[in-house]
Amino acid sequence: MHIPDGFLDTKTLFITNTVSYLTFFYSGRKILKKIEAERVPILGLSTAFIFLISSISFPLPFGTSIHLLGSFFISLILGPFSAFFINFLSLFLQSLLLSHGGILTLGANSINIAFSSCILGFYFYKFLIRILPNFENFIIFIITIFTAFIGSFLLTLELNFSGKISFQKSFLPIISFHLVSGSFEGLFTVFLINFIKKLKPKLLEVEKI
Amino acid sequence: MKHHFIDRFAYERGFLQALSPIIKFITLIFFLFLLIILSPNLYFYFTISLILLILLFISKIPFFYFLKRIILITPFLAVIFFLSLLSHKNLSQFFLALIRSVLSLFGVILFLSTTKTEEFIKIFEKVPYGNLISLIFSFLYRYFYILEDELQKMKRSMISKGKKLDFKSYLILSGLLFLRSYERSERVLKAMISKGWNIERLK
Amino acid sequence: MEHRKVKIEVINLSFSYEEKKDVLKDINLRVFENERLSLIGENGSGKTTLLLCICGLLKFKGKVIIDGEDFKESLRRKIGFLFENPDDSLFMPRVYDDVAFGPKNFKIQGKLDEIVKSSLNKVGLKDFENRVPHHLSFGEKKKVSLASLLSYDPEIFLLDEPTLGLSPLARKEFIKLVKNLRGTVVIATHDIDFAIEISDRIIFLNKGKIKREYKENFNKDEIIKLFEENIT
């Protein structure tokens with residue numbers, strides 16, 4: 001879920017935006033240091049891809065709907081910082097074009113969505129795959145759900161800090177909503193990774209930056 | 001296939017269209033900050049709304065289009081409304097945020113619909129890593145609609161072959177779409193290089 | 001013809017993709033200055049790959065010599081590659097940016113605005129600078145792609161399937177444009193009528209090898225028969 005402008009107070013905005021913009025520029029530096037020509041168009045096309053993925057929403061009961069993110073999937077393909085970088089840009093455009101989230105809340109939203117699934121997700125994956133190398137699909141699925149959990153935890157925290165909702169009372173509904181969308185995201189990620197493994201394994205060897 | 005581009009009102013001859021994009025963007029950010037920082041005052045909000053409505057009018061953006069864009073935000077508002085009900089918070093807090101949120105969106109819509117996309121992309125050439133960012137935005141703008149068309153075509157072909165569209169078929173479509181984007185990126189790279197582009201241009 | 005200056009020389013060129021071996025096998029070919037050469041052959045016969053190799057876009061075995069020099073980056077300015085799908089060669093938000101892309105990279109002398117204007121005029125698309133490629137017809141996109149090459153005035157044109165997917169009218173217009181190109185033109189095409197109309201020489205490729213070469217007085221039936229004989 002993306003937080004619209006107006007729902008976070010000054011201190012929360014300050015903290016989240018600082019963290020997020022620093023990560024963004026750090027990622028930019030990291031990408032440019034190692035970038036090769038091949039990577040440029042795929043960064044662009046991947047941004048278009050995740051933007052398209054997130055603009056398609058599926059209806060759920062009670063008038064709500066979910067859409068997928070593709071963030072963790074992209075970080076498995078391109079690496080954590082490239083994924084964060086383009087996800088940040090995609091979230092920025094989503095806030096402008098689709099009214100998913102706001103401009104000043106971009107920091108918070110990119111932490112909840114991009115930071116948790118691209119960067120944390122990627123390193124969790126790296127860690128777990130070393131311990132359990134034979135359970136790749138399971139690990140991918142679990143991590144997607146886990147990052148959705150972290151994201152919704154941060155979301156509740158931010159809204160709570162801004163005095164809009166109470167943490168204790170809202171945590172459960174927010175978490176359960178995100179676990180549903182997280183499971184769909186998990187299926188999506190597992191399916192796509194296997195799909196690519198079968199049809200274009202070369203793509204999985206792209207350098208992870 | 002025909003698409004409604006987001007900047008279709010940017011070619012009108014209106015008030016905001018004539019302003020420099022960078023000034024509009026800075027004003028927008030400043031405006032969003034003001035909304036958050038200033039203590040709530042209904043008269044202030046009323047004045048702001050009036051000014052924004054006048055801007056909407058003299059920039060020749062149809063009111064109906066504006067409404068359609070505003071409505072997109074309602075699901076998010078509904079969720080937060082539900083949560084603040086649950087939290088037994090004072091609802092005036094929620095309505096205050098709602099006003100701020102709608103006014104912010106109002107500002108965003110005014111900025112976006114009066115700025116041509118290529119001018120919008122140019123704004124970002126000046127920020128750090130601007131070359132990379134504006135190139136990514138250019139690709140996004142150029143290929144988003146093409147990907148969407150490809151998705152529609154594949155969907156139709158699936159339906160015409162008697163396949164029901166469910167989550168599984170959506171997954172297959174996304175996978176194919178990603179592969180196609182990747183293959184396209186390889187061809188685009190060749191086109192860029194053949195026209196003399198190289199990675200040094202990003203640095 | 002032989003006394004003319006050799007523009008492109010291909011020596012013992014072989015190429016394999018990871019997933020497909022021997023796409024091109026020991027190709028030897030000379031293209032003369034201002035010659036118009038067509039490569040024909042079935043799908044997968046290596047036409048496009050050969051063009052990509054000449055343009056230095058693939059890593060191959062053998063040699064490609066342009067104007068007496070081994071391939072190097074600075075030679076790209078002399079070559080204009082027209083891709084089969086104009087959506088691949090037009091990757092910028094506006095027609096202007098696409099046409100200006102080459103001149104900017106190659107640091108071409110002159111005012112960019114004027115270069116873009118005159119290149120678009122040459123393909124008959126006056127005042128198209130601010131159009132969005134997505135809103136153009138397929139034929140218009142093809143013409144813009146050509147304009148984006150004309151803008152840096154290459155000496156060699158490599159055209160991959162230039163007439164594919166064009167309506168009869170657009171095809172006629174595009175053929176006229178190709179006829180007016182100044183320089184050496186190498187075309188990969190399935191369009192035999194087009195090849196016959198435009199070429200000084202036609203080369204038939206089959207499974208990565210040069211099978212037959214025709215010089216002038218082309219006979220369509222003979223060429224089609226050649227296709228039938230080489231079906232696998």
Note to self, chain B gives a 222 nm [θ] from helices alone (DSSP H runs n ≥ 4, -39500 (n - 2.57) apiece, / all residues, nearest 500) of -24000 deg cm²/dmol
Can you pull out the chymotrypsin sites (Phe, Trp or Tyr not before Pro) in region C:186-232 whose DSSP state is coil and whose Cβ has at most 16 other Cβ atoms within 10 Å? C:PHE218
Under the definition of partner shielding as Cβ atoms of other protein chains within 10 Å of a residue Cβ, what is the mean value for peptide B:165-175? 4
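How high is the relative contact order of chain A, given as a whole-number percent (alpha carbon pairs under 8 Å, six or more residues apart)?
Reported as a whole number, the value is 27 percent.
How large is the helix-only mean residue ellipticity at 222 nm for chain A, computed as the sum of -39500 (n - 2.57) over DSSP H runs with n ≥ 4, divided by its residue count, in deg cm²/dmol to the nearest 500?
After summing the helix terms and dividing by residue count, I get -23000 deg cm²/dmol.
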Modelled FRET efficiency - R0 51 Å, A:VAL206 with B:LEU53, Cβ distances, 0.05 increments: 0.55
If you take every DSSP beta bridge whose two residues both sit in region C:90-232, what share of them, in percent to the nearest 5, is antiparallel? 55
On Cα atoms only, tilt of C:112-122 relative to the major axis of chain C in degrees: 60
C:LYS107: which aspartates and glutamates have alpha carbons under 18 Å from its alpha carbon, excluding same-chain residues fewer than 8 sequence positions away? B:GLU200, C:GLU73, C:ASP97, C:ASP98, C:ASP153, C:GLU155
Choose one answer from C:LEU125, C:LEU75, C:LEU169: the residue with the largest mean-square fluctuation in a GNM of chain C with alpha-carbon springs under 10 Å. C:LEU169
Computed, not fitted: 222 nm per-residue ellipticity of chain C from DSSP H runs ≥ 4 (each -39500 (n - 2.57)), nearest 500, equal to -9500 deg cm²/dmol
Cα lying deepest toward the dipole's positive end in region A:76-209, options A:PHE167, A:THR144, A:VAL190, charges on Cβ: A:VAL190
Post the alpha-carbon centroid distance, region C:76-108 to region A:12-49, in whole angstrom. 26
Taking the convex hull of the alpha-carbon atoms of the protein assembly as shown and averaging its shadow over every direction gives an area in square nanometres of 31.3
Sequence-separation-based contact order of chain B, relative, with Cα cut under 8 Å and 6+ spacing, percent: 28
In the Gaussian network model of chain A, springs joining C-alpha atoms below 10 Å, which of A:VAL40, A:VAL190, A:VAL19 carries the largest mean-square fluctuation? A:VAL40
Against the longest alpha carbon principal axis of chain B, how many degrees, from 0 to 90 and to the nearest 10, is the axis of helix B:167-194 turned? 70
Kyte-Doolittle at least 0.5, axis length at least 15 Å by Cα - qualifying DSSP helices, chain A: A:39-55, A:80-97, A:121-131, A:136-161, A:167-199
Between helix C:168-179 and chain C: long-axis angle, C-alpha atoms, 0 to 90°, nearest 10: 80
Partner lysines whose C-alpha sits under 28 Å from that of B:LYS163, ignoring same-chain residues fewer than 8 away, are A:LYS197, A:LYS198, A:LYS200, B:LYS2, B:LYS153, B:LYS155
Just to check I understand the Karplus step: with θ = phi - 60° and J = 6.51 cos²θ - 1.76 cosθ + 1.60, what whole-Hz values come out for region C:22-39, glycine and proline as x? 6, 5, 10, 10, 6, 7, 10, 7, 10, 10, 8, 4, 6, 7, 10, 10, 10, 9
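Taking the Cα centre of the protein assembly as shown as origin, sum charge times position over the Cβ atoms of Lys and Arg (+1) and Asp and Glu (-1), and report the length of that vector in debye to the nearest 20.
The dipole magnitude comes to about 440 debye.
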Between the DSSP loop rule and a limit of at most 12 other Cβ atoms within 10 Å, which trypsin sites (Lys or Arg not before Pro) in region C:123-219 are left? C:LYS126, C:ARG182
Mind computing the radius of gyration and Dmax over the alpha-carbon atoms of chain C? Å is fine for both. 17.6, 53
Could you give me the percent of Cα pairs per 10 Å distance bin for chain A, shortest bin first, beginning at zero and ending with the bin that holds the maximum distance? 9, 35, 38, 16, 3
Computed about the Cα centre, the charge dipole of chain A from +1 Lys/Arg and -1 Asp/Glu charges at the Cβ has a magnitude in debye, to the nearest 20, of 440
Where in chain A is the longest stretch that carries no GluC sites (Glu not before Pro) classed as loop by DSSP and with at most 12 other Cβ atoms within 10 Å? A:37-206
Determine which aspartates and glutamates satisfy two conditions relative to B:LYS89: a Cα distance under 20 Å, and not lying fewer than 8 residues away in the same chain. A:ASP5, A:ASP9, A:GLU158
Computed magnitude of the charge dipole of chain B (debye, nearest 20; Cβ of K, R +1, Cβ of D, E -1): 640
Any of A:LYS126/C:LYS63; B:LYS168/C:LYS143; C:LYS47/C:LYS122; B:LYS24/C:LYS117; C:LYS172/C:LYS215 with alpha carbons more than 32 Å apart? Name them for me. A:LYS126/C:LYS63; B:LYS168/C:LYS143
What does the convex hull of the Cα atoms come to per residue for region B:137-203, in Å³? 100
So how do B:PHE124, C:PHE81 line up by other beta-carbon neighbours within 10 Å, fewest first? B:PHE124, C:PHE81
Can you list the GluC sites (Glu not before Pro) in region C:121-219 that are in a DSSP coil and have 12 or fewer other beta carbons within 10 angstrom? C:GLU216
Pairwise label distance in nanometres, B:SER39 with B:ASP166, each label 7 Å out on the Cα-Cβ vector: 5.9
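Every number in this text was worked out from the coordinates using simple rules, so none of it is lab data. What you see is a predicted model, and the numbers here were worked out from it, not measured in a lab. Virtual Cβ from ideal backbone geometry, glycine too; neighbours counted across all protein chains shown.
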